[in-house]
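Computed from the coordinates by the stated procedures, all read-outs in this text should not be read as laboratory data. Note that the coordinates shown come from a computational prediction; the quantities given were computed from them, not determined experimentally. Please note: Cβ atoms are built from the backbone with ideal geometry, for glycine as well, and neighbour counts cover all protein chains shown.
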């Protein structure tokens with residue numbers, strides 16, 4: 001079955017405030033079996049424009065990725081990040097067709 | 001991140017002249033399975049117990065590939081050329097990818113990713129690009145994690161179609177983008193789509 005992903009692009013305007021979110025989200029992600037695929041590594045925007053911090057998380061499927069985002073426990077920690085950042089976030093289904 | 005696979009043969013060669021035919025035949029298999037020779041016939045010392053006199057270490061992408069190479073027709077054709085001229089203790093093992101003595105991160109090159117959000121303005125024209133990009137992606141070891149697919153923008157806004165590709169390393173991800181092959185394919189999407197594309201190094205620290 002295709003996996004599910006979160007793809008997030010974030011501008012952090014208060015790094016100290018944002019840290020509380022980063023410390024709190026681990027427990028939620030653990031519970032939902034999420035795995036960090038990308039977490040603010042070295043990067044180059046080669047076309048267009050995006051916010052400055054980039055995260056990709058992998059879940060066992062699309063339904064789980066959505067359920068984690070909508071869960072009361074995630075929404076509770078998300079409230080810790082919103083005052084300190086602006087984000088574009090999509091939850092998206094993975095690909096399991098033919099590869100190059 | 002997959003653990004690598006290894007061949008570790010220890011050999012006593014009784015007839016070096018006869019053994020040469022094997023050394024000429026084996027590389028066909030090694031090339032096909034893209035192994036890396038880490039040690040072969042260098043200086044050695046059996047610091048405990050005993051060892052045969054010729055020691056070799058070959059690295060493969062993973063354990064399955066290491067086994068597949070050994071079992072391949074190419075290698076099985078070469079093997080009878082060595083048997084009459086040598087005795088071997090030969091083991092194929094899976095590599096280690098856990099925590100290292102100096103703590104995490106656990107080594108291994110981080111992977112590289114493309115994250116693209118695309119507004120396709122001319123779907124028909126864009127199809128030509130979608131067919132042409134497969135060859136450069138294949139050449140640089142790209143793999144689609146996300147390609148279109150159901151989605152929900154849960155916060156903010158992004159363009160209408162999203163793609164995530166995984167490459168063996170950040171360098172490979174960048175090199176693919178900069179290659180003449182990919183740029184030739186990219187020219188096909190000019191004027192047919194608008195996109196935001198970032199190339200980024202993967203994460204290999206501790207998980208949540």
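What percent do you get for the relative contact order of the stretch B:5-94 when only Cα pairs under 8 Å and 6+ apart count?
Answer for the stretch B:5-94 is 54 percent.
Where the centroid of each part is defined by its Cα atoms, how far is the stretch A:46-64 from the stretch B:7-27 in Å?
50
Please give the per residue volume of the convex hull enclosing the alpha carbon atoms of chain A, rounded to a whole number of Å³.
Convex hull of Cα atoms, per residue: 110 Å³.
Treat each spin label as a single point 7 Å out from the Cα along the C-beta direction, and report the residue A:53 to residue A:96 distance in nm.
3.3
Arrange A:86, A:43 by Cβ neighbour counts within 10 Å, fewest through most, would you?
So the ranking, lowest neighbour count to highest, is A:86, A:43.
With a Förster radius of 41 Å, plug the Cβ-Cβ distance of residue B:24 and residue B:131 into 1/(1 + (r/R0)^6) and report the FRET value to the nearest 0.05.
Approximately 0.50, to the nearest 0.05.
Report the relative contact order of chain A, percent, no decimals, based on alpha-carbon pairs under 8 angstrom and at least 6 residues apart.
52
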